[in-house]
1. Putting +1 on Lys and Arg Cβ atoms and -1 on Asp and Glu Cβ atoms, find which of Y113, S256, V80 reaches farthest to the positive end of the dipole of the chain.
2. Once both labels are modelled 7 Å past Cα along the beta-carbon direction, what's the T160-D104 spacing in nm?
3. Net charge around L125, counting only other residues with Cβ within less than 11 Å of its Cβ (Lys, Arg = +1; Asp, Glu = -1)?
4. Would you tally the net charge around I152, using a Cβ to Cβ cut-off of less than 13 Å, leaving I152 out, and scoring K and R as +1, D and E as -1?
5. In the P(r) worked out for the chain, what percent of Cα pairs fall beyond 39 Å?
6. In nm, to one decimal, how far is the F246 label point from the R14 one, both placed 7 Å along Cα→Cβ?
7. Taking just the alpha-carbon atoms of region 305-347, what radius of gyration and Dmax come out, in angstrom?
8. To the nearest 10 degrees, how steep is helix 108-122 against the longest Cα principal axis of the chain, on a 0 to 90 scale?
Amino acid sequence: MDRPEPITVSQLNRYVKNLIDNDEMLEMVYIRGEISNFKNHYTGHMYFTLKDESSLIKCVMFKTYTSNLNFVPKDGMSVVILGSVSVFERDGVYQIYVKGMEIDGIGALYAEYEKLKAKLEAEGLFDEKNKKKIPLLPKSIGIATSKTGAVIRDIINVTTRRFPNVNLKLFPSAVQGKGAAETIVKAIKYFNEVKNVDVIIIARGGGSLEDLWPFNEEITARAIYESEIPVISAVGHETDYTIADFVADLRAPTPSAAGELAVPEMKELRWKLSENRRKLSLLLGKRLEIAKNKYHHLKDSKVLRDPYWIVKDRILTVQGLEKELANTLYLNIKDNKIRLVKAISMLDTLSPLKTLKRGYSIIEKKEHDGEKHIINSVKDLNSGDLISIVLEDGKKEAKIV
């Protein structure tokens with residue numbers, strides 16, 4: 001029996017493509033499903049997978065139609081699409097060429113993500129005030145990720161290139177599937193218990209919402225929040241955001257970027273040290289120049305050239321003060337003498353002796369009690385009274401008859 005002539009792969013793909021393209025039912029289909037593995041290409045085209053509980057199909061929406069969308073598709077969204085089914089002949093893959101898309105609701109996983117995000121945000125797990133500072137130059141970095149794959153290689157390559165002396169400690173962790181969150185939490189707790197690292201990186205590559213789900217679980221979020229060691233989250237691509245990103249002390253858009261954020265570049269550090277050394281040298285030079293100028297100024301000052309000058313200056317000052325004090329005392333004494341003479345003159349004018357000098361006298365009467373009283377009236381005198389007559393030049397006793 002003769003065998004048929006074999007056909008090429010291209011011929012087979014073309015045949016299948018023609019079969020599908022000629023099927024009227026597949027010319028325009030209206031399908032409901034959940035978006036995953038969404039990619040918004042820089043060209044404006046959108047690539048994603050549409051799935052339900054048990055199946056999935058690849059989809060592409062070209063820029064011509066994406067410009068008509070009034071929303072941005074995301075992983076986890078439940079949508080209804082309108083398009084045609086055809087075969088991408090080169091790869092032998094059949095897919096839906098989407099011409100229209102509208103939101104049908106949010107998928108269960110995405111709804112769970114939003115619910116947990118709102119809960120943790122309300123509790124303050126995302127607050128900036130709770131973020132710990134990433135050390136400038138960590139001695140050791142802990143990494144929680146798969147021990148195989150591009151992620152760990154990228155982190156090792158980036159960190160060792162930037163700072164060859166960096167010490168990396170890997171805690172192999174599952175980053176996808178059931179039980180992955182528990183291994184990530186175990187890694188974080190281990191590093192906190194042994195305290196052998198200065199910063200922790202949790203990382204994995206890109207993927208769908210389901211692929212990244214271990215980093216959206218509550219136990220992962222709380223382990224990051226409770227970590228005493230700063231945590232850098234590097235999950236997925238730049239456009240992927242997980243709950244771990246919001247809780248972490250620092251979010252890196254990619255695992256490679258986490259390596260760049262965790263350690264400084266040695267060349268840059270050396271340049272900064274060199275620049276700071278140069279600036280410090282200039283500053284010290286300026287200060288030394290100022291000190292020298294001050295020294296020369298003091299050295300040439302009159303005090304140092306003639307130390308006794310300041311003593312002589314103080315002596316002249318003291319002599320001046322002594323002279324001023326003597327003048328003040330002399331003037332005060334002179335003024336007081338003048339006031340004293342005036343007071344004496346006034347007292348002399350009022351003195352009884354002055355009155356006696358003008359021919360007057362003072363009559364004193366001695367009473368029985370021995371006291372003497374000045375007589376102002378003849379009524380105070382009686383016959384037989386003994387009196388004393390005080391004159392300018394003396395005193396005489398007399399008896400009233």
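Quick note: the coordinates plus some simple rules give every number you see, no bench work behind them. As the structure is a computational prediction, the values presented were derived from the model and not from experiment. Because the Cβ atoms are built from the backbone with ideal geometry, glycine has one as well, and the counts that use them run over all protein chains shown.
1. The listed residue farthest towards the positive side: S256.
2. Here the modelled spin labels are 4.9 nm apart.
3. -1
4. +3
5. 60
6. Modelled inter-label distance: 5.3 nm.
7. Calculated on Cα positions, Rg and Dmax stand at 18.8, 65 Å.
8. Approximately 10 degrees, to the nearest ten.
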